[in-house]
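The values are calculated or read from the model by the stated rules, or taken from the named source; none is laboratory data. Note that the structure is a prediction, hence the values are computed from the model and not measured. When we count neighbours, we look across all protein chains shown, and the Cβ atoms used for this are built from the backbone with ideal geometry, even at glycine. Ligands, DNA and RNA are stripped out before the accessible areas are found, and what is left, the full protein with its side chains, is counted by its heavy atoms. Shrake-Rupley method; radii C 1.70, N 1.55, O 1.52, S 1.80 Å.
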Amino acid sequence: MGDNSEDTWDDLRRHREAITALGEAIPDSVFAAMAKDIRPSSLPEDLRNAPLIIDTDIGGDPDDALAVAAAARYTSDLKLVITGDESQGRRARFARHLLDLMDRPDVATVAGAELSDTPYFVIEHLVPQDVPAQRTDVVAAVREVLASTDGPVRWVGMAPLSNLAHVLAEAPEAATRLRVTQMGGALRYRNPEIAEHNVRLDVPAAHRVLKAVAVGHLRKPEFIASEVTFTPKIEVTAESPLYEWLAAPHAPQWAALLAAHLDAWFTRFHPGSMQHDALTLTAALRLPFVDSATIGISMDEIGRTTRSDDGVRIRWSFDADYDAFMTWLTKTLTERLPSTRAESEQG
């Protein structure tokens, strides 16, 4: 699973079968190119301990918040959370409040590009008034993370690609060092008349990011597509063991905040939250849940993505081990951690 050295010919055959099941035949030439990606000369670099940046529209569907919480508990590599935001910057303030409750004041937060055309916002009553407005200088914040290491930096996109496109334009030196994993896109979106949600909210930004890949400025990203993440197999509902733990009377404050977030979502929008973004996080962490392969992708003027032999070469998800992923997410959020961060980092 994933972009790992454990990929085998059987994995590639399953990639081919998965794409064919979506109605896309893979020519032998493309299959051969996919096979080339697992040869030792092109195996991915070691990203262990690489700083992690999360770009999120936290505050709507709770999957963003659960993903940020999982990252905060799972790895000390999390360094920065960027929010797509609204004029009052409440999403960034919510992220700051959550991270502080989780004893992660070391993770910086910054309010980024303004979100538009989305009704999904349910945390207006969940942020104390004394949580201050967060900084808005996204490029400077990213440069600070880059300056902390000589190596690559992981970027996990859980929102429209607005902030990433802005960073690539204003800090071109970042493009060669960012390793992008993005939740978004679909080969067969459930509504064929429109693009997938994250792409649809800022189509020009998505086009700019793909252009950066096409011209070689940005290293090949991995897209975790909607047809893999949109499934009840990874949905958290009021009956889920994870929700029951978060909502328990003696749960920690950060868990109670997540439960209140889920409650607001269940009441105002949907009775469940599919964990698109936490699954995307695991791909960036190189955990063995998401199955992906390199294909060519084209994007039309309204952001719909299709496979194209002449398109931009990116990694694209085709399957996932949902049961193993949900076990990981539940354990990551519910199991007791070592009493000190030093103990955690020592293993």
| task | On the protein heavy atoms, probe 1.4 angstrom, tell me the percent of accessible surface of the stretch 197-243 carried by carbon and sulfur. | result | 56
| task | Mind ranking 102, 158 by accessible surface for me, highest first, 1.4 Å probe? | result | 102, 158
| request: Report the label-to-label distance for residue 334 and residue 248 in nanometres (one decimal), using points 7 Å from each Cα along the Cα→Cβ vector. | output: 0.8
| Global geometry of the stretch 128-262, whether rounded, prolate or oblate, following the gyration tensor of its Cα atoms and the 1.5 cut on a/c | oblate
| field | Distance between modelled label sites at residue 230 and residue 124, nm, 7 Å Cα→Cβ extension | value | 2.8
| remark: Along the stretch 147-158, Karplus-curve 3J(HN,Hα) (6.51, -1.76, 1.60; θ = phi - 60°) to the nearest Hz, with x for Gly and Pro, reads 6, 7, 8, 8, x, x, 10, 7, 10, 10, x, 10
| Rounded, prolate or oblate: which fits the stretch 93-200 when a ≥ b ≥ c are the square roots of the eigenvalues of the alpha-carbon gyration tensor, with rounded for a/c under 1.5 and prolate only if a/b beats b/c? | oblate
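Full-extension gain between residue 309 and residue 173, please, as 0.36 nm times their residue separation minus the C-alpha to C-alpha distance.
Working: separation 136, 0.36 × 136 = 48.96 nm, distance 2.92 nm.
Fully extending the segment from residue 309 to residue 173 adds 46.0 nm.
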| task | Please list, in chain and number order, the residues 5+ apart from residue 113 or on another chain whose amide H is under 5 Å from its amide H, with Hs placed from the backbone. | result | 85, 163
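Taking the Cβ-Cβ separation of residue 88 and residue 191 as r and a Förster radius of 41 Å, what is the calculated FRET efficiency to the nearest 0.05?
0.85
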| Potential lengthening between residue 214 and residue 148 on full extension [0.36 nm per residue; Cα-Cα distance subtracted] | 21.0 nm
| Taking the alpha-carbon centroid of each part, what is the distance from the stretch 287-340 to the stretch 229-255 in angstrom? | 21
